[in-house]
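Chemist: Mind looking over this structure? Questions follow.
We did not get these values from a lab; they are worked out from the coordinates using the rules stated. None of the values given here were measured: they were computed from a predicted structure. In this analysis, Cβ positions are derived from the backbone assuming ideal geometry, glycine residues included, and neighbour counts consider all displayed protein chains.
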Amino acid sequence: MAKKIFVSYDFDNDRNYKNTLLMWDANTLFDFTFEDTSCDCSVNSFAAAPIKRVISQKIANSDVVLVIVGAQTYRSEWVTWEIQKAIELRRKIVAVKLNSNYTSPGALLGAGATWAMSFSLEGIKKALGY
């Protein structure tokens, strides 16, 4: 059964990694399936309340929140908010750094996240518990 995964990431800089997850899921040669519950848009809006309601519902309907930590992710207020919402909703958090030197969002520290040691199919599957 596919896990319902909300992918939290820096849309402007790291969406190609989200797309890689979707390609792994679509390719029957890969033993990786998931139901994507995340948003596929850059969120820069003054109408934050309605956006947060939609994202809250998506996180609530997820089994796991997968945080992709890229070079600028720690600066994203939306990623920080999504991590905090995942903690509030008691969702499992899995984080993967694209480079070990990248700074993690502060909200991940002490959040009990499971870490994938690299952005690789096997590393992510292991962290997700496949």
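Chemist: Students often get this wrong, so check it: of Lys4/Lys126; Lys52/Lys97; Lys58/Lys92, which have C-alpha atoms separated by over 21 Å?
Modeler: Cα-Cα > 21 Å for Lys52/Lys97; rest within.
Chemist: Over the alpha-carbon set of the chain, divide Rg by the Kirkwood Rh and report the Rg/Rh ratio to two decimals.
Modeler: 0.93
Chemist: Sticking with this structure for a sec: With everything on Cα atoms, drop me the angle between helix 11-26 and the longest principal axis of the chain, reported from 0 to 90° to the nearest 10.
Modeler: The angle comes out near 40 degrees.
Chemist: With contacts defined as alpha carbon pairs under 8 Å and 6 or more residues apart, what's the relative contact order of the chain in percent?
Modeler: 25 percent
Chemist: Can you tell me the dipole magnitude for the chain around its Cα centre, using point charges on the Cβ only (Lys, Arg +1; Asp, Glu -1), in Debye to the nearest 20? Each step should come with its number before you reach the end.
Modeler: On the way: 15 positive and 13 negative charges, 70 e Å.
In total the dipole reaches around 340 debye.
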